[in-house]
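The values are calculated or read from the model by the stated rules, or taken from the named source; none is laboratory data. This is a predicted model, so every value here is computed, not measured. Cβ coordinates were reconstructed from backbone atoms using ideal geometry, including for glycine residues, and neighbour counts include every protein chain displayed. For accessibility, only protein heavy atoms count, side chains too; no ligands or nucleic acids. Shrake-Rupley method; radii C 1.70, N 1.55, O 1.52, S 1.80 Å.
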Amino acid sequence: MTERIEIENVTLAALQERFGDQILETHCFRGDATAIVAKEAIMAVLEFLRTDSRLDYCMLTDETAVDYLNYPQARRARFEVVYHLYSLSKNCRVRIKVPVSASDVLPSATRLWKTADWLEREIWDMFGLRFEGHPNLKRILTHHEFVGHALRKDYPVKRRQPLSSNDTLMDEMEKRLVAKGLK
Amino acid sequence: MGLESFFGDSFFTTRIDAIINWGRMNSLFPMPYATACCGIEVMGMLSSVYDIARFGAEAVRFSPRQSDLLIVAGTVNYKQGVILKQFYEQMPEPKYVIAMGVCASSGGFYDNYCVVQGIDEIIPVDIYVGGCPPRPEAVLDAVIKIQEQRIKKQTVLEPTAAGTKIHLP
C-alpha cells in the first residue's frame, strides 16, 4: 500500500516538474491524487500521462463536469471538467480537473481515448460545455425536444419537458449505411 | 330450466357474460413492460416460486399486439413515454394496465426533469401497485383484483332499445 501511494505522489511530482505553474494545484489524500490544470495545458498533460512509460495512464475511466455556481467557497471558474485516469500496469489512479467557464471550448480527449466520445457528449448535454475536435457532439441523454442543460445549477430540477414524438435514429443509421457502402 | 335434465352431463348452461369473462380472466396474456428494477420482480412473479401461471396468465407475450395485460414495471422517462403510448395503442381491446412500483405509479423518488410522474399522464391505468419494488405477491394481488373487479364485472350483453346486443370489444 505504501508503494501505491508513492506512485500517486510520483505522478503529481512528475506533473509539477514538467508543467510547472500550469498545474494550478495538487492534493493527495490517502492515495487519492488530484491535480488542477490550466485549460491551455490540458491536452499536453493528458498526453504526457498517457504516453510516459513511468506513469502509463492508459485508461480514461470517467470524464465529467461540476457546476460550482452558488458554491460557498470561491472557485477559479464556474465549471470544472474532471478526468479520471487509471493505469492498468501500475494500478493507480489520478484525477485531473480543469476550470472552465461556460463559453470555453476544451480540446476533445477523443484523440487519446475513444471512450471520451460519449462521455463528452454527456457533458455537452448536461452542462453545455463544448469540445473542439469531437466527431459528433450532440445530445445523448435528453430527448430531442429538450431545451437547456439539465445538470446546470440554474436549471430548475423539476422543470419537466414532455416529448411529443420520438426522433428516428435514421440520421445515425444513414451515416453507417453510407460508411458501409450500402447506400 | 329443463335443458340440463334433457341433455344430461354433456352440457351446462350459463350466461354469455359469465362464460366470456371466465375465459378472459383465466387466460390473461401479460406483457411485461419492464424498464427498470421492478422488471426483476416481474421475472420473479412469472417464474416458479411466485408463479403467475396459477392464475392462468402463463403465456407471456412480448408483443403488445398479442397481449391484454400491460404490466408497466419501472421508471418511465419522457423519451420512453412516447414508446409506452405506442405500445398501449397497439394492444387490442379489452386491455388492462398495471402500474407496478412507485416509479410507474407516481414517478417514485425521481422528482426530476426527465421522469414521467406517473404513467397515468400517458395511458389509463387500472391498478397501481406501490412498493420499490413491490413484492411479487403484491403484483399477483393486482392481477387477481383485475380478474375479480374488472373482468368479472364486465358486461358483454348490452341492453339497447332495439333489444339485447352482444358487445364484444
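Against the longest principal axis of chain B, how steep is helix B:78-90, in degrees 0 to 90 to the nearest 10, with axes from Cα atoms? Its long axis makes an angle of about 10 degrees. Think of a 1.4 Å ball rolled over the protein heavy atoms: the protein assembly as shown then has 55 Å² of accessible area per residue. Taking θ as phi - 60° and the Karplus parameters 6.51, -1.76 and 1.60, the scalar couplings of segment A:176-182 work out to 6, 5, 5, 4, 8, x, 9 Hz in sequence order, x denoting glycine and proline.
Note on A:SER89 and B:GLN149: their simple-model spin labels are 6.7 nm apart, each label 7 Å out from Cα toward Cβ.
FRET efficiency for A:ASN166 and B:GLU121, Cβ-Cβ distance as r, R0 = 22 Å, nearest 0.05? Efficiency, from the Cβ-Cβ distance: 0.85. Lysine pair count for chain B with Cα-Cα distance under 28 Å and sequence separation of 8 or more or different chains is 13. DSSP finds beta bridges in the protein assembly as shown, and of those with both partners inside it, around 60 percent are antiparallel.
Residues of segment B:91-114 that bury at least 20 Å² of accessible area when the other protein chains are present, relative to the chain alone (probe 1.4 Å, heavy atoms, ligands and nucleic acids excluded): B:ASP111, B:ASN112, B:TYR113. Loop-located GluC sites (Glu not before Pro) in segment B:55-159 (DSSP state not H, G, I, E or B) with no more than 15 neighbouring Cβ atoms inside 10 Å: B:GLU58.
On the basis of the beta-carbon distance and an R0 of 45 Å, B:TYR50 and A:TRP118 show a calculated FRET efficiency of 0.75. Dividing the helix sum by the residues of chain B, where each DSSP H run of 4 or more adds -39500 (n - 2.57), gives a mean residue ellipticity at 222 nm of -9000 deg cm²/dmol.
Close amide H pairs (under 5 Å, H built 1.01 Å from N) link A:MET59 with A:TYR86, A:LEU88, residues at least 5 positions away or on another chain. Placing B:MET43, B:MET31, A:MET59 in order of accessible area, with the largest value first and a 1.4 Å probe, yields B:MET43, A:MET59, B:MET31.
Loop-resident chymotrypsin sites (Phe, Trp or Tyr not before Pro) (DSSP state other than H, G, I, E or B) in segment B:43-99 with no more than 11 further Cβ atoms inside 10 Å of their Cβ: B:PHE62.
The GluC sites (Glu not before Pro) of segment A:103-183 that meet both conditions, a loop assignment by DSSP and at most 15 other Cβ atoms within 10 Å of the site Cβ, are A:GLU145.
Between B:ILE83 and A:ASN9, the simple label model (points 7 Å from Cα in the Cβ direction) yields a spacing of 5.1 nm. For chain B, DSSP calls about 30 percent of its internal beta bridges antiparallel. Counted over chain A, the DSSP beta bridges are approximately 75% antiparallel.
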